[in-house]
Each structure stands twice: as structure tokens, then as C-alpha cells.
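Working notes for the structure below.
The values are calculated or read from the model by the stated rules, or taken from the named source; none is laboratory data. Quantities reported herein were computed from a predicted structural model and do not represent experimental measurements. Neighbour counts run over all protein chains shown; Cβ positions are idealised from the backbone, glycine included.
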Amino acid sequence: MAGQQGSGHSHKAHNKQSNKSFKSKHATKSNLRDQAKGRTHRPSVKDPASKAARQASQKVQAKHLKVNRKHHAKQVLDKKRSLLDDQRGLFAGKNRNGDRVQRVVAVVPMTEDVSSLATVELLAEATGGELSGVEGYRSLDVPKFHNQSLRFLLLPPASRTSSLFPILDAAAVADFVIIALSSEEEVDAQGETVLRCLTGLGVGGANGGVLGVVKDLPGGNPTLASSTRLSLQSFLTHFFPSVDRIHCVSSTPSASSASTSAMAEDATPAATPSSEATLIVRALCEKTPKGLRWRESRPRVLAERVAWEKTADEEPAAQAPQQDAPKGFEGEETGTLVVEGVGWGDFKVSKILLAPPARPSKRNAAAPSETMSVDGAASTSAPYDPLSLPDDDADSLASTNLPDDDDFGMDEQTWPTEEEMASAPAAIAARERQEMPPPARPGTTPKLKKVAKGTSAYQAAWILDDDEDDEEIAEDDEDDEAMKADGGAQDADEEDEEETEFIDTAADETASVSARPFADLTPEQEQAQLQEYLSQRAARRNAQNLDDIDFPDEVDTPLHTAASERFARYRGLKSFRTSRWDPYEELPRDYGRCFMLEDWRGMGRKLERRQAEEGAEAGTRVIVHLAGVPRRVVEEHNPLHPFALFGLLKHEHKYSIMHFTVQRNTENSDTVRSKDPLVLQQGFRRFVINPIFSQHTMRNGGKGSNNVHKFERFLRHGINASIATAYLPITFGNSPSLLLRVPTTSPDDEHASPDQGIHLIGTGALLSSDATRITAKRVILTGHPFKVHKKTATIRYLFFNRDDVEYFKPVQLRTKGGRIGHIREALGTHGYFKAGFDGPISQLDTICLTLYKRCFPKWGRVWDGRPLPIVSKEDVQQHALTAAADGADGAEGEVAME
């Protein structure tokens, strides 16, 4: 029994661990991975987990069926063949005129010792063809290469300042671009600018439409010739990676053949100059030009002849100005009802006629045709049927909208009184007799200006009124300079001793200027003073740029002006990223002149599809008549430069708010401020703009949370692009953008500076047309902690009077250490106040109050090629303010500028 008791005894283990069971209703990813053991799981139709899985499996099975794969591959192949046939078909047969469609080739010589005409003549000599044409272009028929026809645009050397825009115009309409290099002279800075501009327009990218040509490699030394060729190839590949070879065309066969045979990596037999020239012509004739995406959606015309003529119903010029001045020219493709004359503006098409063949055959030699005389008068024996005429759906030339005066405060203006209306005829008669006007009515005397002591009336006359919205940026800089000239933010009692005086500029301006004898300076003295002024302005701008880098957006509070008045147009935001800002609040009048688009991108795609279905057949020679063209367009046109027309899509003549990205050119170190006058090359269009720059927000399609973006005073270098905003005609599509700074004087001016070249500021692309995008300028007022007790501090130097403290009390404070606070109460009458923060602050911390104001650009216009003004209104204000602060006495030649 004892044995039974011993066998029945058991000891309970108290240290046994019992884990919770795994309650997941499905297998884990690691379990499934372990079970698969590297096998790929394929869904099965026979055993689906659910209805959705069954449908997905059926789609996968149908996609991977062999017959479906064959059909899909055939569809892709047919699509590629159709696209290739469309591209080749334009140059394969003949057009409606019975001519071969010419391939347009732009020849760009990079140095002065290279001639575009000589290069084309060597190409024609190698193929045995004959050149024909007039100055500016040459035509070459190549029967042995698929009976193709080439049209060469002869361009001036790229080293000249005046050659940049003709080269860009030619590249915009050309199918191929030949870069003619020299083996003796290097490409200068202006030539590199031309190459960078061509790259910015997309020339020579994926389309591979750039060919490199060099003339006369060094002879007698094969090693030197080979190294020269490789050096030129490396230089050109830096700008155009698709260029894999530099071809040599020369009249000395020994140099080129020796250099070619000396190249170790070239496995082909030695090529003679004539054979390399033949290879170039063969590539031009057989290669299919892919074109540029931004120009393929618009018709374009390259003019052969340009003439100006009067209309039949036009009155004599002595009685009425010439209103209708059609201009007819022949081209190669089609035009639309509103076209852009590159560099001249927008014109309306009156009619498009079918042009006669360029070289009529013997069969059609006796057929009637329409020709144009030298003076532009057309003689027609049998008129052709028009290909296109304006209809009711044609776009008009109305570029701006008519703003509603009620929306911009015009309803607050009073109508003239009966007394003013009655005295108007007498005032007009007195003005015609050059008599003095009657005494001014009470309350209408000229206002007085507050200037520094020692400022003469002549200097005060240059200080302009800052009552416009487009001068707001200059106001901040002027106040900063004035405060720096006064000695900065010092004690208020010391600053009260500064004396000011009031000058009646309207009464003393004429007397002071007329009493001072004016002496004309010699051209050398004027040029020296101008260069001195420009150097001083550049130094001042560089100093402002460096100051903005070290202390971004920080502005000193004005000492003698209330901050509530100085920053009356600013507002405080709790969060710049999320706070709501009404985009239609306090808009300038220019906003009412613009057309607003709800869906800019969708409308552009719709209009591009419609444009592709309409118009004349591509490659047709036409005669386009334009209405309302000034005679100076033909008179000022240089026949050596190409004259091109681009058809505009509907609404592209109307102005709107356009935004485009800008990436600074790393080779340019100029200081670029917002609202600086610049030239914008937007695809094939050119404008003069004064853009404002802002940060590029990548979230939410570039809009962010509230579509509010920080204003940038300067366009800086870096990996991040900026956004430029300007009032411009609408352009659909992501066309490339080039920002250029052109010379302030004509290149032909004898007093022009040697560095007066065209500088590429930056490149980018069109972003959008969004009227609700807000560009907010930030201003940071800084103060100093006078006394600190844990989370409470007494702040000074942020304001200088008690009223400003009460005015800005709702605005949130922050410190550079990351603390957030608010104004509690004002202390005394000198701007001291007590503030509370969300944590302890340091005595060395800086208190910041951030304010924002919406900025707007200036109105843009089409650039006519003339030099931009040297001195702007902001420069005059800055110069006068600096001279007044320094106590200048207004000596002759210092502020007498135009």
C-alpha cells in the first residue's frame, strides 16, 4: 500500500510558463514566406479566396494569354509604325503645291572665322548639288538621297550680342541645327550663352537634332588634328550629349584624312572631307526629325519673302492714319487666325491662300499664277481659292479684360462739380495761350514733403511719391537705408534731436532748376559718370543681397514713423502653412484686366486636340495675309534673320497671371532682385517682364495647404528652383522658359561697355496659370529681451511707442530659440512691453514678430528688341534718399539723370 501511495503522489510545478495563444485569424507574412520557400505565389482561378480575388485572377489570366499578348504587341507595333509613317510622310512625297517639303537646317557658326555660307557651300560641293535662294537662306536639292530638299538658314556668328535671338528664332522652326566650330578660335562667353539657351529650349535633347561640324583641322600633324577633334567633341557633348562625333568639312583633304586615320578608337577607314560632308547631308536627308514637344501642337510658318501693302479701302495717309496694313508672305506650313510674329507681337490673319510652286514644272509653266512685286503689291491673273478665312468662332485680338470699377474702389470717386465743369473751357484756353492758370482753390495746394535737413529742392524733386502697389518693395529697402543712415535703432531721446524741414517742391522746383545753369557734359564724362553710378548701384545691391542672406526678411522698426502706419498693409498669420488667406481680397486693378482660367491644363489639352484636327495640310506652301501690321515691321526686319510665324491657340492672346519655374544659371553671378526688368523667352514668344519670385512648394501639386507661398527678394543659386510670376499672355503647355538680362544700351553704341552682353539668368518651364496663388512677402521685426523672469520677459526695441504695442498685440511672437509667445501689456510710452512665452527664454535670444503682405508683379509686354532703361524709378528713389542722408548739396551731374 505504501508502494501504491508512492506511485500516486505528484508534485505541482509552480515555475511552469504558459504563453498566450496566437489569436490571429490568418497566417502572418513570415509564416507565408516560410511556407512558400522561395516559390512565387500565383492566384488560381479554381480556388479563389473571394469574389474580388476571382475577378482579379481572371484579369491576370486574360492578360497573360498568348493570343492576347500577340494582339497587344501587334497594336504597339502598329502604333509605332503609324507614328513613324506620319513623320516620314511629310518629307516622303509632294505637297499640294507639287513641291518637295524642305527640311529646315539652321547653321550656327560659333566664332567669327567660321562662315555659315562657306560651310553650306562645302556641303553642296560634296553632293554635287547647286545652291539657290536669296540672302539669309539657301536651298539644296539632293536627288541621290531619296530625292530630298534641304533649306539652310544662314545665321550670323554666335559671338555677336545681336545674334542670340535670331539663332533662337531659327532653332524654334528648324528640324536640325548644325553647330559650326573653329579649330583655331575658342568659343567665347557669348557663344556659350547661345549653347545654353539652345539647351534650355530643348534643342538637341532626346530628338538628337544637333550635328557638330568643324572646318579645316590642323594639317601636317595627325596627332594634333586628332586631339583637336576630340577636344571639340568633348566641348559640344557637354551641352548636347546626343552628339557622338564631330564631322570635318574642309578644302584640304590631307588634314582631315590624316586626323581621322590617327584616331585610335575609330575603327572605320579614313574618311576624306568630301565623304564626311556627304555623311552629314545623308544624315540630314534620311534622319526623321522628332521635333520639339512644345512647338508641335502649333502650326508654324517660315517666311521666304516679306512685303507690306495697303488695303483697297484704305483712305489716304494725309487724312487718316493707316489702320489696315496687310502683310503677305509665303511659307511652308499653315497658319491660324491669330498668329505670333516672333519678336513683333500678335496679328490677326485676314486670309490664307495657296501659294504657287517654288519651281514650276514645264507642264505648268504657262498656267496662271499669283506673284508678288518688290514693293508688296500682288498681281493676280487667276486668284487661288483661300484655304482659310476668319469665321464667327475666330479669336479676337482683345488682350485685356475691362475691369469693373465697383470691384476696385472706383465707386468712391466723386464726379466733378458744376464749378469745375464751367471753368474747364477757360483753363483749356489759357493752356493753349501758354498763360499761367488761375490761382488754386483752397485745399488744392501742393503737398509738402518731409526730407532731411540740407536737402535742396532739386534733390527733393527726385523723391517720388510711393502711392502705387508696384513700389512697395522699394519702400522697405528705402526705409532700411534711411534707418541705417540715421544710425540704426538707438535711444529715442537721441534721435529726437534730428532736425527736419519741409520743402514746397511744387513751387520751388521750376525756380531752382531754371536758376541753376546747366552745362552739357562731354560723352566721355557722361559715360564715366554712368559707369560710376552703375558700379555704386551694383555694390549696394550686393550688400543688400548679403544682408538678406545673413538676416533673411529682418527689418528694423522705423524710429520716427509709427509701425502701424509703416506696416499698415501687412497682417499676422498664426501659421504660414495652414492659415487661410482670401485670394480675392484687396486685389489691384491689373487683376481686373486679366482673364481667369478655371482649368488651365485641361483647356490646353482640349485646344491642342482641336488644333490638330483643323488647318491646312502640313507642308503646304501658303501665302498668309495679316491685318493691322505696322510698316516698321517690314522696314526694321533684317533679311539675314529668319522671320517666323507661330499660330496661337484660342485665348493665347489674352493676358493672365502666369507662373513658371526658374533655376539659376551656375555660370552667372549677377544679383537678380524681384521686379528687375528681364527678358523672358517663353518658347517662341519674347516679353519684357518685372517678375516677382517665390518659393516652389512641391506639396499638393505645387499649391501646398493654402496656396500661400513665400516671396523671395532675390533669385538665388541652389538646387531648389524658384517660381516667377508675371502678367503675361496665356500660353498652354509646359513650354521652356529662359530668363535673360539684355544690355541697357544698344550693342552698336560707341559708348557701350565691353561687358554689355546678353546674360542667361536662369532656365525653367511654364508651371500654371493660377490667379489664386498668393505670393506673400514676409517682414520680421526684431526686439531684445530687457528683463527675463522664467517664461515672462520685458521686450524693448521692437516698437518705439505705446500705440504700436497695442496695435500689434494680437500678433503672435516667436524667438529664434523656438519659443512662442504673446504680448501681455505695454510698459511706459517708449515701446517697452511685457510678453509671455511657452517656456523659459534666454537673455541672448531674439524676439521676432512676423508680418505678411501680398505682392503683385508689374505688367508685361512684348519685347521689341530695344534696350531696356538703365535707371528705374526705384533706383532714382534710392539714389535721392542716399544723397539726402549723406547731406549732399545737389551738385551737377550727381542726381541729374534720365
Expected single match for of a type outside the set (Ser, Thr, Tyr) and exposed (fewer than 11 other Cβ atoms within 10 Å of the Cβ) among 598, 608 is 598
Would you mention how many residues in the range 693-708 are surrounded by 23 or more Cβ atoms within 10 Å (Cβ to Cβ) and touching a Lys or Arg at 6+ places or on another chain (Cβ under 7 Å)?
1
All-but-one check, residue 693 against (1) more than 14 Å from the chain's Cα centre (by Cα); (2) among the aromatic types (Phe, Trp, Tyr); (3) under 29 Å from residue 344 (Cβ atoms); (4) at pLDDT 90 or above, failing number (1)
Starting from the range 772-783, keep only residues that are closer than 21 Å to residue 726 by Cβ and of a type in the set (Ser, Thr, Tyr), then list their pairs with residues that are at pLDDT below 95 and surrounded by fewer than 18 Cβ atoms within 10 Å (Cβ to Cβ) whose Cβ atoms are within a distance under 6 Å, requiring at least 6 positions of separation or different chains.
772/583; 772/707
Could you check the range 803-831 and list, in sequence order, the residues that are under 17 Å from residue 791 (Cβ atoms) and polar (S, T, N, Q)?
812, 815
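Here's the yes/no breakdown for (1) modelled with pLDDT of 75 or more; (2) loosely packed, with under 10 Cβ neighbours inside 10 Å:
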position	(1), (2)
18	yes, yes
21	yes, yes
67	yes, yes
87	no, no
102	yes, no
Might you check whether a residue that is surrounded by 15 or more Cβ atoms within 10 Å (Cβ to Cβ) and on the phi > 0 side of the Ramachandran plot occurs anywhere in the range 825-839?
yes
Filtering the range 564-610 for residues that are in a loop (DSSP other than H, G, I, E, B) and closer than 25 Å to residue 859 by Cα leaves a count of 18
When residues of the range 709-729 are limited to those that are surrounded by 16 or more Cβ atoms within 10 Å (Cβ to Cβ) and among the polar types (S, T, N, Q), the one farthest from the chain's Cα centre (by Cα)
722
Within the range 122-140, is there a residue that is touching an Asp or Glu at 6+ places or on another chain (Cβ under 9 Å) and under 19 Å from residue 236 (Cβ atoms)?
no
Okay, strands (runs of 3 or more DSSP E) sitting entirely in the range 769-816 with 3 or more residues that are surrounded by fewer than 17 Cβ atoms within 10 Å (Cβ to Cβ), I get 774-789
Please verify whether residue 845 is in a loop (DSSP other than H, G, I, E, B) and either under 30 Å from residue 683 (Cα atoms) or out of contact with any Leu (no Cβ under 7 Å at 6 or more places or on another chain) (or both), treating the condition exactly as stated.
yes
Among the residues of the range 553-563, what is the count of those that are part of a loop (DSSP other than H, G, I, E, B) and charged (D, E, K, R)?
2
Working only within the range 641-681, note down all residues that are among the polar types (S, T, N, Q) and over 14 Å from the mean Cα position of the chain (by Cα).
656, 666, 668, 669, 671
Helices (runs of 4 or more DSSP H) enclosed by the range 226-298 - at least 3 residues per element that are modelled with pLDDT of 85 or more and of a type in the set (A, V, I, L, M):
273-286
Applying the selection to the range 679-693, what residues are part of a strand (DSSP E or B), more than 14 Å from residue 763 (Cβ to Cβ) and touching a residue at least 40 places away in the same chain (Cβ under 8 Å)?
685, 686, 687, 688, 689, 692
What number of residues within the range 832-851 are farther than 14 Å from residue 787 by Cα and in contact with a strand residue (DSSP E or B) (Cβ under 8 Å, 6 or more places away or on another chain)?
5
Which residues, counting only those in the range 651-678, are under 30 Å from residue 543 (Cβ atoms) and in a loop (DSSP other than H, G, I, E, B)?
665, 666, 667, 668, 669, 670, 671, 672, 674, 675, 676, 677
Based on what the data block shows, is residue 715 of a type in the set (A, V, I, L, M), within 20 Å of residue 590 (Cβ to Cβ) and at pLDDT below 95?
no
Please find, within the range 527-562, the residue that is farthest from the chain's Cα centre (by Cα) out of those that are free of Cβ contacts under 8 Å to residues at least 12 places away in the same chain and more than 21 Å from residue 777 (Cα to Cα).
528
Taking the range 694-710 and keeping only residues that are without any contact (Cβ under 8 Å) to a residue 60 or more places away in the chain and either within 20 Å of residue 541 (Cβ to Cβ) or not hydroxyl-bearing (Ser, Thr, Tyr) (or both), one is left with 695, 696, 698, 699, 700, 701
